[in-house]
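One structure is given below, encoded as structure tokens.
The values are calculated or read from the model by the stated rules, or taken from the named source; none is laboratory data. This structure is a prediction, so every number in the text was calculated from the model and none was measured. Every residue, glycine among them, receives a Cβ derived from its backbone with ideal geometry; neighbour counts consider all protein chains shown.
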């Protein structure tokens, strides 16, 4: 299960951290028609889509995987990127891997690539490699059977690299372009 919260205290320098949270949604519509989609400004589009994707999830997200599996491929891509981005900007890679986010680790590399965010995909690949190479040690540190010695340092450089990548690749722009290009996948009700 994914735990999402308001990200007013994002660690990353990215001032536009996605505000993935369930309370206080701006777009609470359970549908997005073609006409609605066309009237949503770019600066609000990503949040409108994310809010819409959360509509069928229980507040405790206990049905998250069931709902995510029902998404279209473009919906799943945006959802995964948004969840990964929110978690890493909030807590870094270390916590990303230990808050039941592991199911998104491998998929996130492909998701970033699908929208053209190759630099973010590269950082995710590096972090996933660190996880693969240190999985047993990290598991032991996480469950407390050994003292956490270098868990933070394993990922801290990658946290910084992820945050700096915002300056080298316009992730928000790439997400908006991807959403606009895949409009039919985000329309949840056709109008007659």
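Here are a few things to note about the model shown:
- Criterion: over 15 Å from the mean Cα position of the chain (by Cα) and within 19 Å of residue 112 (Cβ to Cβ) - qualifying residue of 53, 45: 45
- Screening the range 132-192 for helices (runs of 4 or more DSSP H) wholly inside it with 3 or more residues that are at pLDDT below 90 and crowded, with 18+ Cβ neighbours inside 10 Å returns the ranges 151-165.
- Scope the range 110-130; condition in a helix (DSSP H, G or I) and either more than 20 Å from residue 173 (Cβ to Cβ) or touching a residue at least 40 places away in the same chain (Cβ under 8 Å) (or both); matching residues: 114, 118, 119, 120, 123, 124, 125, 126, 127, 128, 129, 130
- Residues in the range 42-56 that are more than 16 Å from residue 182 (Cα to Cα) and surrounded by fewer than 17 Cβ atoms within 10 Å (Cβ to Cβ) were compared, and the one that is modelled with the lowest pLDDT is 56.
- Matching residues, the range 68-86, being without any contact (Cβ under 8 Å) to a residue 24 or more places away in the chain and buried (at least 18 other Cβ atoms within 10 Å of the Cβ): 68
- Among (1) surrounded by 15 or more Cβ atoms within 10 Å (Cβ to Cβ); (2) part of a helix (DSSP H, G or I) - the single one residue 106 does not satisfy: (1)
- Flag if residue 92 is in contact with a helix residue (DSSP H, G or I) (Cβ under 8 Å, 6 or more places away or on another chain), at positive phi and outside any loop (DSSP other than H, G, I, E, B): yes
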